[in-house]
Amino acid sequence: MMNLHSATAQLVTLAAEGEGGGNHESLNPLVTGGSAFIILLLLLWITTRFNRDR
């Protein structure tokens, strides 16, 4: 089991590494946002197809 000091040191190390921009090189924001948009449209279409309370 980790003690509080080593856990805090690990969190500080992770925070220091994340200061360089925060984005992973393989993540393209356009592809990620477009995929999320398509998935949300698909969920909206499924919801409206199965809505029996019209």
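Evaluating 6.51 cos²θ - 1.76 cosθ + 1.60 at θ = phi - 60° for every residue in the range 5-10, the Karplus couplings come out as 5, 5, 5, 5, 5, 5 Hz, glycine and proline recorded as x. Note that the range 39-52 has calculated 3J(HN,Hα) couplings of 5, 5, 5, 4, 5, 5, 5, 4, 4, 6, 6, 9, 7, 8 Hz, one per residue in order, obtained from phi through the Karplus relation 6.51 cos²θ - 1.76 cosθ + 1.60 (θ = phi - 60°); glycine and proline are x. With R₀ set to 35 Å, the beta-carbon distance separating ILE46 from GLN10 gives a calculated FRET efficiency near 0.25.
Since every read-out is calculated from the coordinates, none of them should be taken as a lab result. Note that the structure is a prediction, hence the values are computed from the model and not measured. Don't worry about glycine lacking a Cβ; one is built from the backbone with ideal geometry, like all the others, and counts go over all protein chains shown.
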